[in-house]
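Student: Supplied in structure tokens, the structure appears directly below.
The values are calculated or read from the model by the stated rules, or taken from the named source; none is laboratory data. Quantities reported herein were computed from a predicted structural model and do not represent experimental measurements. Cβ sites come from the backbone with ideal geometry, for glycine too, and all protein chains shown count toward neighbours.
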């Protein structure tokens, strides 16, 4: 059973002075089991909406710019891109190229950004927003870390990306349709 560590999440939101509204979603990426879970807030509790496997970075966890790692922490969904793009439609620079990319039969094939993009903005200064204590950029938005579809979906949940969170394209469409701008995304490494 998938469990959102809700007390920790609510404490983090309170510390960051971020309100959680009734009906708002939390997209929870557990980096330990590579299961994404979508929860909905109902004033005093969360209900699970759906789960799906995902892939994170083959370079591990890191919030630092140019690390190619998957960032951790609380984010908001700040952009939804690709509403009218067909399944497996390719993006370059967040723009649909007009190409539909076939699914790969080898995990070493070039990874493409497909179907939809959910852009993330960090909410935790010094962790995934602005700069850390060593003046290194740790800003998820500036790093262009997304939730997106892939041509490597046969290999999910193996680590495949260069920092982004990869979903199977049909799972991504469902997520895209269910959430709204401003919903939370928590990428969790199992630590506080």
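Student: Can you say whether residue 61 is within 20 Å of residue 128 (Cβ to Cβ), in contact with a helix residue (DSSP H, G or I) (Cβ under 7 Å, 6 or more places away or on another chain) and at pLDDT 95 or above, as far as the supplied structure shows?
Tutor: Taking the combined requirement at face value, the residue does not satisfy it.
Student: While we're here: Whether any residue in segment 90-98 is assigned to a loop (DSSP other than H, G, I, E, B) and either touching a helix residue (DSSP H, G or I) at 6+ places or on another chain (Cβ under 7 Å) or within 30 Å of residue 19 (Cα to Cα) (or both) is what I want to check.
Tutor: Yes, there is a match, as at least one residue in segment 90-98 is assigned to a loop (DSSP other than H, G, I, E, B) and either touching a helix residue (DSSP H, G or I) at 6+ places or on another chain (Cβ under 7 Å) or within 30 Å of residue 19 (Cα to Cα) (or both).
Student: Further, regarding this structure: Would you check if residue 135 is closer than 22 Å to residue 160 by Cβ, out of contact with any strand residue (DSSP E or B) (no Cβ under 6 Å at 6 or more places or on another chain), without any contact (Cβ under 8 Å) to a residue 60 or more places away in the chain and not in a strand (DSSP E or B)?
Tutor: Against the criterion (closer than 22 Å to residue 160 by Cβ, out of contact with any strand residue (DSSP E or B) (no Cβ under 6 Å at 6 or more places or on another chain), without any contact (Cβ under 8 Å) to a residue 60 or more places away in the chain and not in a strand (DSSP E or B)), residue 135 does not qualify.
Student: Test residue 135 against the criterion of being more than 20 Å from the chain's Cα centre (by Cα) and on the phi > 0 side of the Ramachandran plot, and give yes or no.
Tutor: yes
Student: Would you tally the residues in segment 23-33 being assigned to a loop (DSSP other than H, G, I, E, B) and touching a strand residue (DSSP E or B) at 6+ places or on another chain (Cβ under 6 Å)?
Tutor: So the count comes out to 1.
Student: Sort through 104, 111 and tell me the only one that's under 17 Å from the mean Cα position of the chain (by Cα), surrounded by 14 or more Cβ atoms within 10 Å (Cβ to Cβ), without any contact (Cβ under 8 Å) to a residue 60 or more places away in the chain and not in a strand (DSSP E or B).
Tutor: 111
Student: In segment 144-156, is there at least one residue being under 20 Å from residue 74 (Cβ atoms), in a loop (DSSP other than H, G, I, E, B) and out of contact with any helix residue (DSSP H, G or I) (no Cβ under 9 Å at 6 or more places or on another chain)?
Tutor: Within segment 144-156 (the criterion being under 20 Å from residue 74 (Cβ atoms), in a loop (DSSP other than H, G, I, E, B) and out of contact with any helix residue (DSSP H, G or I) (no Cβ under 9 Å at 6 or more places or on another chain)), the answer is yes, since at least one residue qualifies.
Student: Could you check segment 13-51 and list, in sequence order, the residues that are under 12 Å from the mean Cα position of the chain (by Cα) and under 20 Å from residue 181 (Cα atoms)?
Tutor: 26, 27, 28, 29, 36, 37, 38
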